[in-house]
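Let me begin by presenting the structure, written as structure tokens, before commenting on it.
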Amino acid sequence: MKYAAIDVGLKRIGVAVSDGKVVFPLEAILRRNREQAAHDVDAFLQTWEVETLVVGLPKGGESEAEMTRRIRHFVSLLTFSGEIVYQDEYGTSYEAAERMRGVTRNRRDGKLDSIAAQIILERYLS
């Protein structure tokens, strides 16, 4: 069984994949607009032959309702036909920054976003 996770942001979408045992962060998808990003996520899912997609949803925080609405709308644009599940992403960005402390200085390269997706998938699989 192949799994993938996405951490949907306004500028980048962090992605990670797993065979059910080990989770690997991959290069984030840059988001120019919703349609392009949905197409790129669909291509990623097809390339990796993903069967289950885990999508991070914010639980808590001031913008929870708005971000949940945006993320669910984005997921509705996907043509992915496998199983889609939602996982709490609370604190994943902070945890990703902690994992990357001292490793990278450029926060715009998407590495933190994909590490956050890795954490989302690890939480789901555990």
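Bear in mind that the values in this text are calculations on the coordinates, not laboratory data. Note that this is a predicted model, so its numbers are computed, not measured. Cβ: placed from backbone, ideal geometry, glycine included. Neighbour counts: every protein chain shown.
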- Task: For the range 1-62, run through the chymotrypsin sites (Phe, Trp or Tyr not before Pro) and keep only the ones in DSSP coil with at most 14 other Cβ atoms within 10 Å of their Cβ.
- Result: none
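Of the beta bridges DSSP finds with both residues in the range 3-125, what % are antiparallel, to the nearest 5? Write out the running numbers ahead of the final one.
Numbers: 12 of 22 bridges.
The antiparallel proportion sits near 55 percent.
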- Count charges around PHE80 for me, please; just the other residues with Cβ under 11 Å from its Cβ, Lys/Arg as +1, Asp/Glu as -1. -3
- Note on the structure: Charge tally for neighbours of TYR124 with beta carbon under 15 Å away, counting Lys, Arg as +1 and Asp, Glu as -1, is -4
- Task: Give, to the nearest whole percent, the P(r) tail of the chain beyond 17 angstrom, counting all Cα pairs.
- Result: 52 percent
- Lys and Arg at +1, Asp and Glu at -1: neighbours of TYR3 with Cβ under 15 Å from its Cβ sum to -3
- Task: List the residues whose amide H sits under 5 Å from the amide H of LEU26, counting only those 5 or more places along or on another chain, with H placed 1.01 Å from N in the peptide plane.
- Result: VAL15, ALA16, VAL17
- Exposed-loop cut sites defined as GluC sites (Glu not before Pro) in DSSP loop states with at most 16 other Cβ within 10 angstrom; longest site-free run of the chain spans 63-126
- What's the exposure ranking of ILE119, ILE84, going from fewest to most Cβ atoms within 10 Å? ILE84, ILE119
- Helix-only mean residue ellipticity at 222 nm for the chain, each DSSP H run of n ≥ 4 adding -39500 (n - 2.57), per residue, nearest 500: -13000 deg cm²/dmol
- Query: What is the chain's relative contact order, in percent, from Cα pairs under 8 angstrom and six or more apart in sequence?
  - Reply: 37 percent
- Message: If the only charges are +1 at each Lys and Arg Cβ and -1 at each Asp and Glu Cβ, what is the size of the charge dipole of the range 1-56 around the Cα centre, to the nearest 20 debye?
- Response: 260 debye
